[in-house]
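Have a look at the structure below before the remarks.
The values are calculated or read from the model by the stated rules, or taken from the named source; none is laboratory data. Treat the numbers as computed from the prediction; the structure is a model and nothing was measured. All Cβ positions, even for glycine, are placed from backbone atoms using ideal geometry, and neighbour counts span all protein chains on display.
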Amino acid sequence: MLHLVIETAHPLAASQRLFLHDLAEERLLLQPASQRTFLRRQVETLSECAGLAFPYSLEVPDITSMLSFIATGLGVAVLPANVAQVSRDLVAVPLMDENSSTPLTLVSASEDTLVKELEGLMQGHFSTI
């Protein structure tokens, strides 16, 4: 599930959940369009579905820089929740928009012991929804 990652002092930081339209006046930090990452495409699709253009958006070259920008109050970002865990200065608030969640699937065609161990590890850390 995608989350709004914001600094702890941000007015939306106390929210239990948000919708993309709650961010209409925010400076949204995005990965560069030229990279065409899955995350960038997903945020663009969510924005289009919500009818939002984010005129104040800013492209940031990488996630590490994005987190620094967020921590200093230069913008907000839509990212997976675990990204916010790298800093005490950041909060991740779940986005409740339809399609703000993408399933992760592990497919294996082998009975290899190593593959079975990886499957067990993945099942221990991820839940099915």
Does S68 satisfy the criteria of being over 16 Å from the mean Cα position of the chain (by Cα), in a helix (DSSP H, G or I) and of a type in the set (S, T, N, Q)?
-> no
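Go through the range 14-59 and give me each residue that's closer than 14 Å to G75 by Cβ and aromatic (F, W, Y). Walk me through it before giving the result.
Pass one, the range 14-59, residues closer than 14 Å to G75 by Cβ: 23-31, 43, 54-59.
Answer for the range 14-59, where residues must be closer than 14 Å to G75 by Cβ and aromatic (F, W, Y): F54, Y56.
Rundown of residues vs (1) in contact with a Phe, Trp or Tyr (Cβ under 9 Å, 6 or more places away or on another chain); (2) closer than 13 Å to E98 by Cα, yes/no style:
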| residue | (1), (2) |
| --- | --- |
| H21 | no, yes |
| A24 | yes, no |
| R27 | yes, no |
| S34 | no, no |
| A53 | no, no |
| S57 | no, no |
| V60 | yes, no |
What about A9, is it hydrophobic (A, V, I, L, M, F, W, C), within 14 Å of A92 (Cβ to Cβ) and more than 16 Å from the chain's Cα centre (by Cα)?
-> no
Of the residues L23, L79, L39, which single one is under 13 Å from H3 (Cα atoms), surrounded by 13 or more Cβ atoms within 10 Å (Cβ to Cβ) and either touching a His at 6+ places or on another chain (Cβ under 8 Å) or of a type outside the set (A, V, I, L, M, F, W, C) (or both)?
-> L79
Scan the range 58-76 for residues that are β-branched (V, I, T) and either in contact (Cβ under 8 Å) with a residue 12 or more places away in the chain or buried (at least 20 other Cβ atoms within 10 Å of the Cβ) (or both) and jot them down.
-> V60, I63, I70, T72, V76
Complete set of residues in the range 107-120 that are modelled with pLDDT of 75 or more and either hydrophobic (A, V, I, L, M, F, W, C) or assigned to a helix (DSSP H, G or I) (or both) = T113, L114, V115, K116, E117, L118, E119, G120
So E48, is it assigned to a loop (DSSP other than H, G, I, E, B) and surrounded by fewer than 14 Cβ atoms within 10 Å (Cβ to Cβ) | no
Does A77 satisfy the condition of being outside any loop (DSSP other than H, G, I, E, B) and modelled with pLDDT of 85 or more?
-> yes
